[in-house]
Amino acid sequence: MTFIDTKRELERTVSRLRGHGSFGLDMEFQRERTFRPRLQLVQVSLPDEPLLIDPLALPDLDPLWELVADPDVETIVHAGAQDMEIVFVRSGLLPRNVFDTQIAAALMGLGDQIGYANLISRMLHKRLKKGETVTDWSIRPLSAGQIEYALDDVRYLHEIRARLWNRLTELGRAEWLKEEVEHYGDQGTYERDPETLWMRISRMRSLDRKGLTILRELAIWREEEAARRDEPRGRIVADETLVEIARRTPKRPEDMKPLRTLHPRELARSGAAIVTAVARGLARPELEWPELEPVKAEDERFSISVDLLEVVLRARALEHEIAPSYLGTRADIARLIHSTLESKNGGDDEPVPQLLTGWRRDLVGDELVAFLEGRASLRIDEATGFVHVVAARP
C-alpha cells in the first residue's frame, strides 16, 4: 500500500491515473461541526491497486481536482454527491466524466440507494468490514484496520463498474446513466441561490409575506456568517429562532433578549448584524415580498388519480426491474397531473415534470399522460394476475 503525502508523489500518481483513463475515488471527511466539509483522507485506485492520499500533509490537491475535471478521464465513485461537492468547493472546477455505481445500480433494479458494501456483496460476493464507519480520520497515524477499511472503499470500484456497465449496455440503458450523472457537471448542483435560502427553513410558513421578506435577509446573513466562521448554520442561529426574529422585527439587539433560543453570547456577537438584516427586509418594497403557494388540503379525488397513475408507474418499474421510487415518486406523479391539467387550460408557466424528461418520459411519462387523458387503460392478466398497460389508442 502506498501512502501519498508529498507533492511529487501526488503528481506522479495523478499522471498514472490519467494515463489509465479512469480511476476510483472516495473521500473521508467530517462536516458535523463545520460549515464546509473538512477533508481528512482521499482514496484513489487503479485496477487492483488502491492508494491513499493524505490531504493533511499536502498544501493542496490541485492536480487531483484537475483530473476529476478532465472530460477525457473517468472518475468512478459510489454515491459521489458529497465527494464531487468537495471537488467544486476546493477548486471551483466541475466534475466532467463521472460514473456513479450507486446510480448505475439503481438503473438495473438494485434499489434506488444501495450501499457500497451491499452492492459489493450482491455483485461480487465479497464481504466488506464495517468497523470504521464512525471513525475520526484526522488522527494520525492511521491504524491497520482503518487503512484496510479505507482501501476497500475503492478496491473494487473498477470491477463493479465494468459489471454494471456491461449489464446496462445489455439492457440498452447506457444513455440513461449519462442523463442521470449530468448534474455532477452543473454548477447549480453545488451553489445555493442566496435569495432562496429561506425556503429551506422549517416553520417558515407560519410567517406572513412581510415576515418572509425579513426571513430571507436573515437567512442570507446566517449563510454568510456560517461560511465566515466555518460553523454549521444551526450553531449560529437555529431555524426556529430565525423565524421568531422575523416575526418580532427587532429594532435593537436588546429587543431579542427575551428569546430563550438565542444564546446571550451569540446575541452579543451578532445582535447588531441581525438587526441590520431585519432592517434590510423591512426596507424591501412590497413588490419584492415572497408569496407562497397555499398548501392545498388533500383532495380525495385527486389522491385517487395519483393512486391510479402510481399503479401504471409501478407496473412499468416492475417490468423493467427498476425501483419504483427511482423511476418516480407520488410527488412526481402529482406534478405531472398538475402540469398536464395546466397545459390543457392554456398555462405553460410550470417547469417540466421530471417524468416528462429524458428516459423517464420514454419509459413511462408519455404513457401516464395517455392514461390520464383516457387514451390508455390497465388490464390484469388472467393467468398471472400481473397488471399490464394497454397500448394507447391513437
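Tabulated values for the structure
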read-out: Tensor-based shape of region 176-325 (alpha-carbon gyration tensor, a/c under 1.5 rounded, otherwise prolate or oblate); value: prolate
read-out: Stretchable slack from ARG314 to THR6, in nm (0.36 nm times residue separation minus alpha-carbon distance); value: 105.6 nm
read-out: Student exercise, region 55-96 dipole from Lys, Arg, Asp, Glu Cβ charges, in Debye to nearest 20; value: 120 debye
read-out: Full-stretch length increase - HIS388, ARG248 - with 0.36 nm per residue and alpha-carbon distance subtracted; value: 44.7 nm
read-out: Calculated SAXS-style log₁₀ I(q)/I(0) at q = 0.13, 0.14, 0.17 Å⁻¹ - region 9-118, Debye, Cα scatterers; value: -0.49, -0.56, -0.83
read-out: Expected 222 nm ellipticity per residue - DSSP helices of 4 or more, -39500 (n - 2.57), all of the chain, to 500; value: -14000 deg cm²/dmol
read-out: In nm, spacing of pseudo-spin labels at MET199 and GLU179 (7 Å Cα→C-beta vector); value: 2.3 nm
read-out: Selection from LEU207, LEU308, ASN166, by position along the positive dipole direction of the chain (Cβ); value: LEU207
read-out: Under 28 Å from the Cα of LYS251 - lysines, other chains or at least 8 residues apart; value: LYS210
read-out: Lys, Arg +1 and Asp, Glu -1 on Cβ, resulting dipole of region 1-132 about Cα centre, debye, nearest 20; value: 360 debye
read-out: Listed residues ASP48, ASP60 arranged by accessible area, highest first, probe 1.4 Å; value: ASP48, ASP60
read-out: Charge tally in the Cβ shell below 13 Å around GLN187, where Lys, Arg are +1 and Asp, Glu are -1, GLN187 excluded; value: -3
read-out: Packing-based ranking, highest mean first, of 63-69, 285-291, 303-309, 220-226 given that Cβ atoms within 10 Å are counted; value: 63-69, 220-226, 303-309, 285-291
read-out: Percent accessible area from carbon and sulfur atoms, region 219-275, protein chains only, probe 1.4 Å; value: 48 percent
read-out: Most to least packed among 198-207, 356-365 [average Cβ atoms within 10 Å]; value: 356-365, 198-207
read-out: Residues in region 41-65 reached by a label modelled at LYS129 [backbone nitrogen below 19 Å; 7 Å Cα→Cβ]; value: 41-44, 49-53
read-out: Label of the coordinate-derived value, mean projected area of the Cα convex hull in nm², listed as (1) 22.3; (2) 21.3; (3) 25.2; value: (3)
read-out: Dipole magnitude of the chain, debye to nearest 20 (Cβ charges: Lys/Arg +1, Asp/Glu -1, about Cα centre); value: 1220 debye
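The values are calculated or read from the model by the stated rules, or taken from the named source; none is laboratory data. This one's a predicted model, so the numbers in the text were calculated from it and none came from an experiment. As a convention, Cβ positions derive from the backbone with ideal geometry for all residues, glycine included, and neighbour counts pool all protein chains shown. Just so you know, the surface numbers come from the protein's heavy atoms only, side chains and all, with ligands and any DNA or RNA stripped out. Shrake-Rupley method; radii C 1.70, N 1.55, O 1.52, S 1.80 Å.
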